[in-house]
Amino acid sequence: MWRTIFAGALVFSGLTTTLFAQEESNESEDISAGLPKEYADYLIAANTLSPNKKFAVIYPLTDLCVEEPKKGSENRCQDYLVALQPFQVLTKLDTKWPQFKNKNHGGMSATWSKNGSAVLVTLDSKWGPGDIFLYEIRDGKLGRSTNLLEKVHDLLVPDYKKAKAGRYNDYFDFIFDTEEGIPVCEFADSTHVRIRGTATTDPKGMPDEKAWNGKVEATWDIPSAKFIAQKITRHR
């Protein structure tokens, strides 16, 4: 028993040493070292690590997502927010398009609040963010999760419908188009998220009379889990 505990401690100690070494050398290599055996085919997304290196998002290797799961088996093409020391899955990212290694038009990043009490996890799509999740951490556990991009989407829906525009495609009414260097969601402070985003039915900017372009500026209050300021405008 003591040998098992000691071995586990060595694994997580080695993981912590590796992560801090990466930070000091400004490298961000995604690794699987330190993950338990059942998650050995996952990688820790280095750019999602919390400031104290205790939390991160893990994502699967390519094979888990390009191969169809066997009948009756669990679909393991999932992303997870996890605690690392000791390892514990806090939540599965509730997305239809999880990140996996070498995903085309993919990408994942995370921004933590300064006090480490909340994190914004962004899953990228071709034109901009496909999902943005806000996770609140309390006493080392998941306190609350919010699909924040979905909330922002809902703010824009009334103007989109008023414009009677065509859809972007069969799956999405409109998508978010990221302006270079300006994140759609970012922490204003430890209790507020600032939202500045553009949405469109025509990211290619083709001359289309039915195209719709909207802009949102808003503030999300984390403790009350609601918008406390919002402004929607339409532009061509």
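List of remarks:
- Listed by chain and number, the lysines whose alpha-carbon sits under 30 Å from that of Lys37, ignoring those within fewer than 8 places in the same chain, are Lys53, Lys54, Lys70, Lys71, Lys92, Lys96, Lys101, Lys103, Lys141.
- Anisotropy class of the range 48-186 from Cα gyration tensor, a/c 1.5 cut: oblate
- Along the axis of the charge dipole computed for the range 125-183 (Cβ charges of +1 for Lys and Arg, -1 for Asp and Glu, origin at the Cα centre), the listed residues Ala163, Leu149, Trp127 are led at the positive end by Ala163.
- Cross-link reach is defined here as a Cα-Cα straight distance under 18 Å, omitting same-chain residues fewer than 8 places apart; for Lys231 the lysines meeting it are Lys151, Lys161, Lys162, Lys215.
- The residues of the range 110-236 present an accessible area of 56 Å² per residue when probed at 1.4 Å with all protein chains retained.
The values are calculated or read from the model by the stated rules, or taken from the named source; none is laboratory data. In this text, all values refer to a predicted model and were calculated from it rather than measured experimentally. Note that we place each Cβ from the backbone using ideal geometry, even for glycine, and neighbour counts take in every protein chain shown. To get the accessible areas, we keep the full protein, side chains included, count just its heavy atoms, and leave off ligands, DNA and RNA. Shrake-Rupley method; radii C 1.70, N 1.55, O 1.52, S 1.80 Å.
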